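The structure appears right after this line, and notes come after that.
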2 protein chains.
Amino acid sequence: MFEAVKKQSLSEEVFSQLRERIVSQELKAGDELPSERVLCELLKVNRGAVREGMKRLQQAGLVQVRHGGATTVLDFQAEAGPELLANLLLGQDGQVQIAVARDIVRMRQVLSPAIAADAAIRQSSELADKLDALVEQMQHTQETVHLQYLTFEFWERLVDGTGNIAYRLAMNSLRKAYQPVLQLMTFILEKSVQDVSAFQALAGHIRRGETEAAFDCAKTYIDASSEAIYCFLDAYEQGST
Amino acid sequence: MFEAVKKQSLSEEVFSQLRERIVSQELKAGDELPSERVLCELLKVNRGAVREGMKRLQQAGLVQVRHGGATTVLDFQAEAGPELLANLLLGQDGQVQIAVARDIVRMRQVLSPAIAADAAIRQSSELADKLDALVEQMQHTQETVHLQYLTFEFWERLVDGTGNIAYRLAMNSLRKAYQPVLQLMTFILEKSVQDVSAFQALAGHIRRGETEAAFDCAKTYIDASSEAIYCFLDAYEQGST
DNA sequence: CAAATTCAACTGGTATGATCAGTTGACCAG
DNA sequence: CTGGTCAACTGATCATACCAGTTGAATTTG
């Protein structure tokens with residue numbers, strides 16, 4: 001019902017303002033940023049705030065800072081990491097960027113079966129127990145939102161179960177990207193989420209270390225739910241044009 | 001022959017020192033960092049430098065800062081993005097972390113065939129021309145290092161060709177992670193890199209929009225080269241214990 | 001005593017102004 | 001043309017205030 005009120009610090013404001021201008025190509029790769037002292041005046045903040053914002057831009061791979069020289073804008077498509085997806089998915093006006101959404105769903109679609117297989121190959125009963133417990137909870141709930149929460153939780157545990165840190169970190173970025181629009185997905189995934197038997201089967205395959213079966217099972221499920229999202233996105237795209 | 005001399009700013013030093021302590025679990029998730037003023041004294045630097053380092057830690061998803069409260073360490077496995085892989089791959093002492101290397105290679109292995117397929121489905125002659133040009137260059141070089149460069153370039157163009165920003169950003173992080181150890185991979189991939197015909201075939205499939213063939217072709221190649229790396233990593237692991 | 005309030009002592013956030021340090025380009029001597 | 005000098009940029013570091021939110025213990029209040 002309630003949620004934390006937003007409060008943005010000055011350095012965050014500096015960061016997000018410049019970030020928006022970079023991802024919107026208003027500031028192109030190779031462009032030189034105004035000097036810190038000039039930015040202070042333009043943004044009406046002190047230099048520390050500007051510098052702190054710069055450090056974040058630098059960490060995000062959006063600008064290159066050279067002591068003594070000008071700060072230049074980098075090509076974010078070639079330099080930034082997936083953590084930028086969260087900012088790309090929601091444009092300046094808070095509008096969902098369909099193309100980005102499709103790309104995120106696609107990447108998740110590609111990774112998921114492999115994650116299931118890699119989790120299965122470990123044959124960890126500890127993981128299998130967790131998954132079974134989640135399936136158990138799925139079977140005893142009617143609430144779609146709770147069901148959706150459990151399925152996402154299922155996938156998160158699966159990622160953990162692979163022990164693959166690259167998967168883990170990549171999925172973190174994807175998760176943070178679609179986190180803000182989760183509620184939009186509730187009714188899109190209403191159908192596929194209710195197919196508890198798929199999760200039950202998948203959990204079984206993973207417990208028994210059946211990598212190929214786990215792969216196929218995950219693929220069947222994720223392909224279906226991805227397709228549902230694609231359809232929705234297509235329709236949404238049509239509707240807004 | 002020559003390379004840029006390294007020069008680390010104070011805020012970067014602060015950032016990397018704390019980052020190392022976090023990823024090494026020396027600072028565990030939930031722990032509270034010393035206050036900024038205390039860190040100043042411990043690190044013998046100005047508070048501005050500490051704060052700038054903090055902003056980077058925050059951007060990297062390693063700490064949570066609350067105005068008025070203490071700054072706490074986050075669970076980087078649950079919060080950080082793939083850009084952290086570069087730091088995880090090379091441990092504190094500069095030693096390559098085998099497990100992380102395996103995970104990175106595995107993720108690349110999983111994504112690559114899908115990337116090839118997604119690039120093929122677009123049937124962009126512009127992309128196909130670029131790929132053909134690269135294959136052309138491959139055929140006219142004997143230098144292994146140059147050949148390796150061209151193959152990596154081939155994959156980069158392929159990723160661009162998908163138009164999928166999620167792939168693009170994910171691969172950026174993977175690339176930045178293995179960039180520092182590229183020269184180590186030269187002789188590991190010597191064999192698989194020399195198979196120019198595979199790239200030629202793949203480029204053809206992509207030009208003709210043969211998604212499944214492109215997928216299979218890419219999979220065959222990437223599975224082989226991944227296997228070569230796994231073997232090396234296994235041997236390396238044995239050798240160092 | 002128990003609950004509410006107050007308040008001092010933290011914490012991070014912002015501001016100012018000075019100084020150090022690397023880069024650039026114009027200018028000048030060889 | 002080469003190399004050096006220097007002034008005018010750029011970012012990096014520093015010191016010192018003060019503002020603002022949080023915390024918890026002391027205090028008041030019921």
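Quick one: which residue in B:60, B:80 is touching a Lys or Arg at 6+ places or on another chain (Cβ under 8 Å), away from DNA strand D (no atom under 12 Å from the Cβ) and among the small types (Gly, Ala, Ser)?
Details: B:80 fails: touching a Lys or Arg at 6+ places or on another chain (Cβ under 8 Å).
Testing whether each residue is touching a Lys or Arg at 6+ places or on another chain (Cβ under 8 Å), away from DNA strand D (no atom under 12 Å from the Cβ) and among the small types (Gly, Ala, Ser) leaves just B:60.
Pick from A:65, A:14: which is closer than 21 Å to residue B:179 by Cβ, within 16 Å of DNA strand C (Cβ to nearest atom) and surrounded by 15 or more Cβ atoms within 10 Å (Cβ to Cβ)? Talk me through it step by step, then tell me what you get.
On the way: A:14 fails: closer than 21 Å to residue B:179 by Cβ.
Sole residue among the options that is closer than 21 Å to residue B:179 by Cβ, within 16 Å of DNA strand C (Cβ to nearest atom) and surrounded by 15 or more Cβ atoms within 10 Å (Cβ to Cβ): A:65.
From (1) within 16 Å of DNA strand D (Cβ to nearest atom); (2) touching a residue at least 24 places away in the same chain (Cβ under 8 Å); (3) within 10 Å of another protein chain (Cβ to nearest Cβ), pick out the condition that doesn't hold for residue A:67.
(2)
So that you can scan it fast, the table gives a plain yes or no per residue for (1) facing another protein chain (nearest Cβ under 9 Å); (2) in contact with an Asp or Glu (Cβ under 9 Å, 6 or more places away or on another chain); (3) at pLDDT below 95; (4) in a helix (DSSP H, G or I):
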residue: A:104; (1), (2), (3), (4): yes, no, no, yes
residue: A:113; (1), (2), (3), (4): yes, yes, no, yes
residue: A:134; (1), (2), (3), (4): no, yes, no, yes
residue: A:142; (1), (2), (3), (4): no, no, yes, no
residue: A:146; (1), (2), (3), (4): no, no, yes, yes
residue: A:154; (1), (2), (3), (4): no, no, no, yes
residue: A:157; (1), (2), (3), (4): no, no, no, yes
residue: A:160; (1), (2), (3), (4): yes, no, no, yes
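Restrict the check to the range A:18-33 and report whether at least one residue is within 11 Å of DNA strand D (Cβ to nearest atom) and modelled with pLDDT of 95 or more. Steps first, answer last, please.
Initially, the range A:18-33 is screened for residues within 11 Å of DNA strand D (Cβ to nearest atom), giving A:32-33.
From what's left, modelled with pLDDT of 95 or more: A:32-33.
Within the range A:18-33, one or more residues are within 11 Å of DNA strand D (Cβ to nearest atom) and modelled with pLDDT of 95 or more.
If residue A:54 satisfies all but one of (1) of a type in the set (A, V, I, L, M); (2) within 11 Å of another protein chain (Cβ to nearest Cβ); (3) more than 10 Å from DNA strand D (Cβ to nearest atom), what's the number of the condition it fails?
(3)
Need the failing condition index for residue B:185 against (1) in contact with a Phe, Trp or Tyr (Cβ under 8 Å, 6 or more places away or on another chain); (2) not in a helix (DSSP H, G or I), just the number.
Result: residue B:185 passes all but (2).
Out of the residues in the range B:23-51 that are within 14 Å of chain A (Cβ to nearest Cβ) and within 11 Å of DNA strand C (Cβ to nearest atom), state the one that is surrounded by the most Cβ atoms within 10 Å (Cβ to Cβ).
Applying the filter and picking the extreme gives B:50.
So which pairs qualify, if the first residue must be in the range B:116-138 and assigned by TED's automatic domain parsing to the domain that holds residue B:218, the second must be of a type in the set (Asp, Glu), the Cβ gap must be under 7 Å, and the two must be at least 6 apart or on different chains?
B:120/B:210; B:134/B:153
Based on this model, can you work out whether residue B:112 counts as under 14 Å from the mean Cα position of the chain (by Cα) and among the hydroxyl-bearing types (Ser, Thr, Tyr)?
Values: under 14 Å from the mean Cα position of the chain (by Cα): yes; among the hydroxyl-bearing types (Ser, Thr, Tyr): yes.
When the stated conditions are applied, residue B:112 passes them.
The values are calculated or read from the model by the stated rules, or taken from the named source; none is laboratory data. Small disclaimer: the values here were computed from a predicted structure and weren't measured. Neighbour counts run over all protein chains shown; Cβ positions are idealised from the backbone, glycine included.
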